[in-house]
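Have a look at the structure below before the remarks.
The values are calculated or read from the model by the stated rules, or taken from the named source; none is laboratory data. If you're wondering where the values come from, they're calculated on a predicted model, not measured in any experiment. Cβ coordinates were reconstructed from backbone atoms using ideal geometry, including for glycine residues, and neighbour counts include every protein chain displayed.
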Amino acid sequence: MRGAVSIPDHACLLRELRLLERRTSPSGKDTIDHGKNGSDDYANSLCGCIAITLKEPREVIGELMGPGAKIFGADGQQLNAPPPVPKQPVPVMPAALAGVQLDEAAQKRLEAFKANFLRERGSIAFYGKCFGAHER
């Protein structure tokens with residue numbers, strides 16, 4: 001039978017489950033807790049186990065290991081891998097300028113411009129992703 005739970009025949013557990021009390025606060029919120037001078041450790045353990053078994057395995061592992069945990073499946077693939085970062089195309093020289101020969105000084109300026117352009121473009125894309133700006 002799917003979705004059924006078999007409760008162990010444990011005297012303390014069964015007693016705690018029978019003695020749980022439901023209380024409704026003035027705001028209408030229900031709470032279930034043990035009575036005065038009572039205990040609910042076994043009942044909480046059982047209900048926690050049931051809650052964990054109803055979740056997807058990757059959710060349970062993530063909760064147990066904390067945020068940022070890398071979770072791997074049986075095949076060794078990471079289940080919660082971050083999405084791949086798309087590669088931005090490298091700017092290309094227009095075809096009309098492809099055969100142009102530059103002198104040494106102009107070539108140095110062009111290389112400096114390219115390096116600066118790529119560095120700034122990368123930081124603009126980074127800040128855009130961090131602060132929610134959309135690329136045009």
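Couple of notes before you dig in:
- Against the list (1) at pLDDT below 75; (2) in contact with a Cys (Cβ under 7 Å, 6 or more places away or on another chain), the condition residue 71 fails is (2).
- Residue among 7, 32, 50 that is of a type in the set (Val, Ile, Thr), modelled with pLDDT of 80 or more and in a strand (DSSP E or B): 32
- Subset of region 35-47 (residues that are part of a helix (DSSP H, G or I) and of a type in the set (Asp, Glu)): 41
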